[in-house]
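Colleague: Right, I'll just put the structure down here and ask away after.
Please treat every number below as a calculation from the coordinates, not as lab data. All figures in this text were calculated on a predicted structure; none of them were measured in a lab. With ideal geometry, Cβ positions are generated from the backbone for all residues, glycine too; neighbour counts draw on all protein chains shown.
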2 protein chains.
Amino acid sequence: MNNALGGSAVYASLACSLFSNAGIVGVVGSDFPKKHLDLLKSKGIDISGIEIKKGGKTFHWKGEYGADLNVAKTIKTDLNVLTGFNPVLSDEFRKADFLFLGNITPELQLSVLSQMEKRPKLVVADTMNLWIETRREKVLEVVKAVDIALMNDAEARQLFQTTNLVKAAQQILRLDSEVAIIKKGEHGSLMFTKDSHFACPGYPLENVKDPTGSGDSFGGALIGYLAKTADFSHANMRKAIVYASCIASFNAEDFSVNRLKEISDADVEARFSQFHEFVRF
Amino acid sequence: MNNALGGSAVYASLACSLFSNAGIVGVVGSDFPKKHLDLLKSKGIDISGIEIKKGGKTFHWKGEYGADLNVAKTIKTDLNVLTGFNPVLSDEFRKADFLFLGNITPELQLSVLSQMEKRPKLVVADTMNLWIETRREKVLEVVKAVDIALMNDAEARQLFQTTNLVKAAQQILRLDSEVAIIKKGEHGSLMFTKDSHFACPGYPLENVKDPTGSGDSFGGALIGYLAKTADFSHANMRKAIVYASCIASFNAEDFSVNRLKEISDADVEARFSQFHEFVRF
C-alpha cells in the first residue's frame, strides 16, 4: 500500500478517540492530503497541534513484513519535515491531564514532557529499537521519567540486555515505574507490578493484513481508556490492556487506518467479551 | 550438564505420574544407570516396557540453547540403541486406555497405535521438526490418526506451511481432530476447537535453567490429568492445559528431571492457582 496514512500519532490518536477526547501534536508537509485531516477531525480529534510545513514533504516510511509479522523490515525512511522538528505545545495542550509520547527521539519526548504546565495524571511513552541502539541512556531516562514505558518484547530484551522478559520487566520496575507493560504482538502482552502479573493473550487473527501501527494503537487505546475511567488501579489497568489489545488487533485486520476509522463501540465491546472467553478455565 | 537423564518418555512419564499411573515403553543400553530406573519405579511408573539392550549404548543427545530458550540447537545425536528400535507392546500395555506417543519416527508411532487391542479412550502424539522435514506425509498421518496432536508453534507453521497459527490450527482441526493444541514455550499455549479458543499464558519464570523436556512434560501432564479425571469436555481440557503448563514450567527450573522428581501435589496446586490470578480481569 503506497502513501497510506500512518504515523504513530495518527494511529494512537484514532485509537484513543474510541474512548476519550484526543489531541495530536505533529508535523506534516503541504503534500499531506486534506482528507486525512478531515478524518481526524471527524473523530473529534483536536488537530490544532499539527504543524503544516509549507513546501515541506511529509515523513514517509516504506517497509515490509516477512514471514514473521511481528517484525517490520524498514526499506526506506524519508524523515522530510521531521528533520529539525521541535514540537512546541500550545497553552491548552500544556494543561493536558494525559500525555502519550509516541515513537520519536527520546530527546523530543523529554522536551514535550518538560513543557507541561503541571505533571499530567498519567504519562505513557513508546519507543523503538532505533533509539535503543543509538541513544540507550536517553531511552532509559524516558523510562524513568514516565509512568508507563511501553515496549515490545524485542525492545525490552535489547534495552535491558537480557533474554528473559521477567528480568527485563523487573528492570523497568526498578526505574521508578509502578507498572511494566510488554507487548508481544501475536502472543499478547504482559503487565508486571511489584507483586502481581497479568498476561493478556493475543487475539487469534486468521488474516493479518498489516500490523503497522498496532503498537501505537495499543498505546493510544490504553491511555484513552485510562483517561475515560480515571482509575489507575491494577484491576483497571488490566482492563485497559485488554481494550488496547482489542484495538491493536482490529488495526491489523486492514491496511493503514482503514479498520480503526470504521469500528464502533459495539465492535469493541464484543471483542472485549471474547477475551473473557479466551482465558476462562 | 553431561549424561543427564532425559528422553521424551522419561520426562513425559514423570510428568504423567504426578496425576495418574504411568507405564513406559522404550529402549536403553546396558550403560543406563540403575538409579534412573529406580527413580522411575519410585514414582510408581511401570518400567516393564523398558528394554535393556545388552552391550548397547543408550541414546544420547547433546544440544545447546542460545539467546532464544525456545529453540534448542542440536550439537550431536547418537541414536545408539534407538537404531532399529521396534517397540512391541506387552499384552497389558495393549489394553491401555490412554496412550502418549512421544517424539519418535511417525512410523513407530503408528506401529505402536496399531498394536493396541482396542482404540484407547485418548491418544496424544508429539512430533518434532526433524520428522516434519523428512517425513511430512507420515506426520500428517499421525495427526489424523490420534485425538490430540501436540506441536509447538514453529512445528505447526512448518507442517502446514503457513506463518499464521490460527490457520495452522484449522488445518489440524480439518484432519479429523477435535482439538488443536499449540505450545509456544514462554508464550504459553493455545487450544482451538471448531467454535472456541483458549489461551493459556506462560508461567513468568525469572530463571530458566534448562527447557529441555518441557514439551514432553507438557504432554505427559496433559494426558495424566485427562486420565485422572476421565473428562474430555473442552472445559476440562482447558484445566488439563493449565496443569500441563505448570509442570512444563517446573521442569525448566532445573537441569534434567531434577525439578520434576521433587515437586509435590501442593506445589502443583499452588502454581495452578497462580494461573487464575495471571489471567483475571
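Colleague: How high is the relative contact order of region A:88-279? Use alpha-carbon pairs under 8 Å, at least six apart in sequence, and give a whole percent.
Modeller: 15 percent
Colleague: Could you compute the net charge surrounding B:ASN152? Neighbours are other residues with a C-beta less than 11 Å from the C-beta of B:ASN152; K and R count +1, D and E count -1. Mind showing how you got there, number by number?
Modeller: Values: positive: B:ARG157, B:LYS183, B:LYS184; negative: B:ASP126, B:ASP153, B:GLU155.
With Lys, Arg at +1 and Asp, Glu at -1, the net is 0.
Colleague: Would region A:169-281 count as rounded, prolate or oblate if I go by the C-alpha gyration tensor, calling it rounded below 1.5 in a/c and otherwise prolate when a/b exceeds b/c, oblate otherwise? Show your work: numbers first, answer last.
Modeller: Details: a/c = 1.64, a/b = 1.60, b/c = 1.03.
The shape class here is prolate.
Colleague: Sum up the charges of everything whose Cβ sits under 14 Å from the Cβ of B:PHE275, counting Lys and Arg as +1 and Asp and Glu as -1, but leave B:PHE275 out.
Modeller: Local net charge: +2.
Colleague: Right, another one. 7 Å from Cα along Cα→Cβ at both B:GLU117 and B:THR83: what's the point-to-point distance in nm?
Modeller: A separation of 3.6 nm, rounded to one decimal place.
Colleague: What is the set of long-range amide H partners of B:ILE50 at a cut-off below 5 Å, with H atoms built 1.01 Å from backbone N?
Modeller: Under 5 Å from the amide H of B:ILE50 lie the amide H atoms of B:GLY26, each far enough along the sequence or on another chain.
Colleague: Quick one: of the DSSP bridges fully inside the protein assembly as shown, what percent are antiparallel, nearest 5?
Modeller: Values: 28 of 58 bridges.
If we restrict to bridges inside the protein assembly as shown, about 50 percent are antiparallel.
Colleague: So which GluC sites (Glu not before Pro) in region A:176-209 end up in coil per DSSP with only 16 or fewer other C-beta atoms within 10 Å?
Modeller: Passing sites in region A:176-209 are A:GLU178, A:GLU206.
Colleague: 5 Å is the cut-off here: which amide hydrogens, built 1.01 Å from N in the peptide plane, fall below it relative to A:ASN152, excluding neighbours closer than 5 in sequence?
Modeller: A:LYS183
Colleague: In what order do A:SER8, A:SER111 fall by count of nearby beta-carbon atoms within 10 Å, going from fewest to most?
Modeller: The most exposed by this proxy come first: A:SER111, A:SER8.
Colleague: Inside 10 Å of the C-beta atoms of B:272-278, what's the mean count of C-beta atoms belonging to other chains?
Modeller: Per-residue shielding by partner chains comes out at 3.
Colleague: Shifting gears a bit: Tell me, what does the Kirkwood hydrodynamic radius of the protein assembly as shown come to in angstroms if you use every pair of distinct C-alpha atoms?
Modeller: One over the average 1/r among Cα pairs gives 25.4 Å for the protein assembly as shown.
Colleague: What residue among A:SER214, B:VAL112, A:VAL27 has its Cα farthest toward the positive end of the dipole of the protein assembly as shown, where the charges are +1 on Lys, Arg and -1 on Asp, Glu, each on the Cβ?
Modeller: A:VAL27
Colleague: Which number comes out as Rg/Rh for region B:86-279 once both Rg and the Kirkwood Rh are worked out on C-alpha atoms?
Modeller: Rounded to two decimals, Rg over Rh is 0.95.
Colleague: Which ³J(HN,Hα) values, rounded to whole Hz and listed in residue order, are derived for region A:188-204 from phi using the Karplus coefficients 6.51, -1.76 and 1.60 in 6.51 cos²θ - 1.76 cosθ + 1.60 with θ = phi - 60°, glycine and proline given as x?
Modeller: Along region A:188-204, the couplings run x, 8, 10, 10, 10, 10, 4, 10, 8, 9, 10, 10, 9, x, x, 6, x Hz.
Colleague: Count charges around B:LYS261 for me, please; just the other residues with Cβ under 10 Å from its Cβ, Lys/Arg as +1, Asp/Glu as -1.
Modeller: Taking every Cβ under 10 Å from that of B:LYS261, the sum is 0.
Colleague: Sticking with this structure for a sec: Taking a cut-off of 19 Å between Cα atoms, list the lysines near B:LYS184, but don't count ones fewer than 8 places away on the same chain.
Modeller: Straight-line reach from B:LYS184, under 19 Å: A:LYS183, A:LYS184, B:LYS73, B:LYS167, B:LYS209, B:LYS239.
Colleague: How large is the helix-only mean residue ellipticity at 222 nm for chain B, computed as the sum of -39500 (n - 2.57) over DSSP H runs with n ≥ 4, divided by its residue count, in deg cm²/dmol to the nearest 500?
Modeller: -12000 deg cm²/dmol
Colleague: Kindly work out what percent of the DSSP beta bridges joining two residues of region A:88-279 are antiparallel, to the nearest 5.
Modeller: The antiparallel fraction comes to roughly 45 percent.
Colleague: When a footprinting reagent is the concern and you count Cβ atoms within 10 Å, what order do A:THR105, B:THR83, B:THR58 take, fewest first?
Modeller: Result, fewest neighbours first: B:THR83, A:THR105, B:THR58.
Colleague: Among A:ASP153, B:ASP78, which comes first, second and so on when ranked by fewest other beta-carbon atoms within 10 Å?
Modeller: The most exposed by this proxy come first: B:ASP78, A:ASP153.
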